[in-house]
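To start, the structure itself, in structure tokens.
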Amino acid sequence: MTTTAPTRTADVCVVGGGPAGLALALCLVRDGHRVTVLEQSARFDRTFRGESMSPDGVWLLDELGVLAALRERGLLTVERLEISEGGRPVLRTEFDRFRYAQRFPMEIPQPTLLRTLSEAAAEHDGFTLLRGQKVTGLTEDHGVVTGVTHRGPDGPGEVRADLVVAADGRYSKVRGMAGLPATVRPLERDVVWLRLPRPDGWDPASYRIRLDRDRHALFIPTHPDDVRIGFNIPKGGLRELRGEGIEALHRRIEALAPELAGPLRETVTGWAGTTVLDIFTTEVERWSRPGFVLVGDAAHTLTPILGQGVNHALIDGWTLAGLLEAPLRATGERRRALVDTALLRFQDRRRHAVRISRDLQLRQERAFTLGGRVAVAARSGLYRALGSSGRLQERVLGRAYFQLQPQLGA
């Protein structure tokens, strides 16, 4: 005896319950639309994922109505950015100098962010979150995507929707199912991530970048009382590093941050406390096709520099929801045409901002790999010039952190 897989219907089916997918879902259900989110993970327990929220991202969370709840659950406000070269400071910027309603970055644990967005969406009729679901295929009708098939703990299922949104991250499988080609550009390094207890006297309100020729590390304050560290290794260099033993990892980090030697050696006694992020960027020429669209990392994978990925993911969800609000209220063939037009407008609206962030990141990636004496001296000179000029900071850092919210007094 055979049984028919259960079928759900929705206005929008979102594949992936990360920041982009849940921000989109929250916006749409607030406007009265039906949204089903399929998430592969069973819990919101992602580790070493984007926790750094830019000021624009903070502003958007306030617009979404969840910032107060996030503050209650715990976050960390960052007040400054510091860059050191060879143990000497070359740049320091205070975020208080920027003239915006939300001017400070924040560190928000991603499980907290996702749980808060999900709970806010669940307050509205029409929101469904299915966990532990693997999407197995797309359904189509004459070239138009009409839904997805999936499999979870209770067996197979199907969701039929007017729009399928792929928000399944930097290794998006659904993008391939839709036949949208992507150009993946590996960069020259990978990043080893780990976290330590924050030592006494370590300022919890500063982003730190430490450089020593062609080696560098990011030191990110993390709620409630840790330091998240990401340090570069050559692309594919993990096997060699592990072959040198855990002592080699200790030495590399201590060379950049000797004040962390104590907690480092006490906490990281083996490789189990580390994870490696493969650094690459992804560019997709077409983000959509009839009945289908990419958002977040599935559309435009970025690097960890300046923590742009999670912010662009949130902005994608918010922007797309605004463009879909009226089309999803239409009916019949007009609804289909208006939705597909909104998808084209979405890519056109978001592409320029993503390109600004990618170009800035790639310039920084190249700068961080410099090792020659002359090149390093030039790099230090550029950072000193940036640190001494408020106008340059407005131009360079402002383009990274303030693309969305209006400037006060403008």
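The values are calculated or read from the model by the stated rules, or taken from the named source; none is laboratory data. Because the structure is predicted, anything quoted here is derived from the model rather than measured. Heads up, the Cβs are rebuilt from the backbone with ideal geometry, glycines too, and the neighbour counts pull from every protein chain shown. In case anyone asks, the SASA skips ligands and DNA or RNA and just uses the protein heavy atoms, side chains included. Shrake-Rupley method; radii C 1.70, N 1.55, O 1.52, S 1.80 Å.
Scanning region 290-304 for residues that are open to solvent by less than 10 Å² (accessible area, probe 1.4 Å) and among the aliphatic types (A, V, I, L, M) turns up 293, 294, 295, 298, 299. Does residue 350 satisfy being surrounded by fewer than 19 Cβ atoms within 10 Å (Cβ to Cβ), within 23 Å of the chain's Cα centre (by Cα) and in a helix (DSSP H, G or I)? Answer is no for this residue.
Each row is one residue, and each column tells you yes or no for (1) at positive phi; (2) surrounded by fewer than 21 Cβ atoms within 10 Å (Cβ to Cβ); (3) out of contact with any strand residue (DSSP E or B) (no Cβ under 6 Å at 6 or more places or on another chain).
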site	(1), (2), (3)
161	no, no, no
172	no, no, no
179	yes, yes, yes
201	yes, yes, yes
204	no, yes, no
209	no, no, no
226	no, yes, no
254	no, yes, yes
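Within the span defined as region 182-189, every residue fails to be more than 30 Å from residue 167 (Cβ to Cβ) and open to solvent by 30 Å² or more (accessible area, probe 1.4 Å).
Looking at 87, 143, 126, just one residue is surrounded by 14 or more Cβ atoms within 10 Å (Cβ to Cβ) and at positive phi, and that residue is 126.
Number of residues in region 364-410 that are part of a helix (DSSP H, G or I), under 17 Å from residue 103 (Cβ atoms) and of a type in the set (Gly, Ala, Ser): the value is 3. Among all positions in region 116-123, there is at least one residue which is within 23 Å of residue 33 (Cα to Cα), buried (at least 18 other Cβ atoms within 10 Å of the Cβ) and of a type in the set (S, T, N, Q).
Taking the criterion of being out of contact with any Gly (no Cβ under 9 Å at 6 or more places or on another chain) and touching a residue at least 24 places away in the same chain (Cβ under 8 Å), the residues of region 120-134 that qualify are 121, 127, 128. Quickly run through region 88-104 and pick out the residues that are farther than 20 Å from residue 211 by Cβ and either of a type outside the set (Phe, Trp, Tyr) or assigned to a strand (DSSP E or B) (or both). Answer for region 88-104, where residues must be farther than 20 Å from residue 211 by Cβ and either of a type outside the set (Phe, Trp, Tyr) or assigned to a strand (DSSP E or B) (or both): 94, 96, 97, 99, 100, 101, 102, 103.
Considering the conditions (1) touching a Phe, Trp or Tyr at 6+ places or on another chain (Cβ under 7 Å); (2) in a loop (DSSP other than H, G, I, E, B), residue 286 is excluded by exactly one of them, (1).
Please tell me if residue 261 is over 30 Å from residue 79 (Cα atoms), open to solvent by less than 50 Å² (accessible area, probe 1.4 Å) and aliphatic (A, V, I, L, M). Full working, then the answer.
Numbers: over 30 Å from residue 79 (Cα atoms): no; open to solvent by less than 50 Å² (accessible area, probe 1.4 Å): yes; aliphatic (A, V, I, L, M): yes.
Answer is no for this residue.
Residue selection: residue 285 satisfies the criterion of being more than 14 Å from the chain's Cα centre (by Cα), surrounded by fewer than 16 Cβ atoms within 10 Å (Cβ to Cβ) and within 22 Å of residue 323 (Cα to Cα).
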